[in-house]
1. Compute the long axis of helix 421-434 from its Cα atoms, compare it with the longest principal axis of the Cα atoms of the chain, and write down the angle in degrees, 0 to 90, nearest 10.
2. Using alpha carbon centroids, what distance separates the range 29-46 and the range 146-173, in Å?
3. Please report, to two decimal places, log10 I(q)/I(0) for the range 88-178 at q = 0.24, 0.25 Å⁻¹ as given by the Debye formula with identical point scatterers on the Cα atoms and no solvent.
4. Pull up the DSSP beta bridges for the chain and report the antiparallel fraction as a percent, rounded to 5.
5. State, to one decimal in nm, how far the label point of residue 405 lies from the label point of residue 66, with both points 7 Å from Cα in the Cβ direction.
6. Kindly express, to the nearest 10 degrees and within the range 0 to 90, the angle between helix 181-199's C-alpha long axis and the longest C-alpha principal axis of the chain.
7. First obtain the Kirkwood hydrodynamic radius of the range 143-226 from its Cα pairs, then insert it into the Stokes-Einstein equation at 25 °C and 0.890 mPa s, and state the resulting D in µm² per second as a whole number.
8. Over all distinct Cα pairs, what is the inverse of the mean 1/r for the range 372-443, reported as the Kirkwood hydrodynamic radius in Å?
Ligand code: NOJ
């Protein structure tokens, strides 16, 4: 287990929207290099970079055409290596985004696979034996290849599924088993891609749809076996590199598959949704002033996962990501500050999505860009300062519009404002680094304070109290000590804690 993860705070960068240095209207690697000090000043010591590989961008780069080549619009492979080097010199690690489950339909492997004559790549993807065979339980694209067969997709239509085999074989005429040499070759090809970038200085990967490799694998037994093989390779050859899964099933991802981390996120109805996004525009979430959330539903889901996996890896809370509406779509500024207090004081490894530190808005109603659809509004350009395109680009035609509202938050107008989200985020990240009790593997004791939905948890000598609701709250407390941070109005004296609406208190006992 790489030690650095215990005190890691990640910043997710969506490269096309971060900072454009050559005026073509789209972010680039040079832009990320120029903003590394900004990232460092936030307190982040690691970056998750969304896909930067050559792609037709039908799904924002999650449709990879060449795993070993940086998309020219972002720069060159040399630029990426330079980013690794400069970031490392500043103490920042970089995780790339690995998309192992599918490629673009323009990937050379696929161009070969769809040919009629058999070749080395014929079984790299999943094809039926004839175009007349399209079992409805699979998502198939039919009748568009020279080859007589339909192919299975993994996400959008132009993202054919790579073939890691089938765990349960229901159609033996075209489904291969996971130990078929063709399926083994797919897994080897993915390892080869990983080695290619880790040899050049990448610190690991965020893994897209990590659970999607083997088909008909409901319990994910065969998929986990592949990942364990990859973890073995990493332990042996790249012990300081890390893997975070987009799986959202910590036991499977961390314990069974060997991921160092798993995101705790977005399946409606699970614990994560209950925190910030439950109900209609979050009105039933725990962090909502109306107090209608259900804390127990969250802890019943999260805590068993936490206890099961805490010896083996980290569960990652994130402010947002590029796939979901920013929390600004649901919550007021005070609630967002409390959400940040939660994310940066919980165990595991926290992730901050670019722009969330200044409360960037989710821009509704934008026409879809690069396969983003409703996600477009969470992917708009970073807002740096007043002026043209809010400092993102000098282009007259940025690839996506910036927030045009008069009061659009920017780094410039947030940074020195003591009441800003920026201030809360940077304060909390600094505290997280300062107090080992707040690090990834520090202990956690969750305490429901009342039915009123004020709650608290203890991490070592620190206790966090939250009153996310619009009602005043007071209670006896067995703890006393010094308040080292607070949001809103709250105080503790003579064994009693008094919390005004929407407040947070961090106590050192
Ligand atoms: C999850 C990624 O986060 C999302 O942006 C992408 O569209 C799908 N996987 C498909 O790769």
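1. With rounding to tens, the tilt is 90 degrees.
2. 40 Å
3. Each listed q maps to, in turn, -1.32, -1.43.
4. So the antiparallel bridges in the chain amount to around 60 percent.
5. 4.2 nm
6. For 181-199 against the chain, the angle is about 50 degrees.
7. Once the numbers are plugged in, D ends up at 171 µm²/s.
8. 14.6 Å
Each value in this text was obtained by applying a stated rule to the coordinates, not by laboratory testing. Since we're looking at a predicted model, the values are computed, not measured. Every residue, glycine as well, gets a Cβ built from its backbone with ideal geometry; the counts of neighbours run over all protein chains shown.
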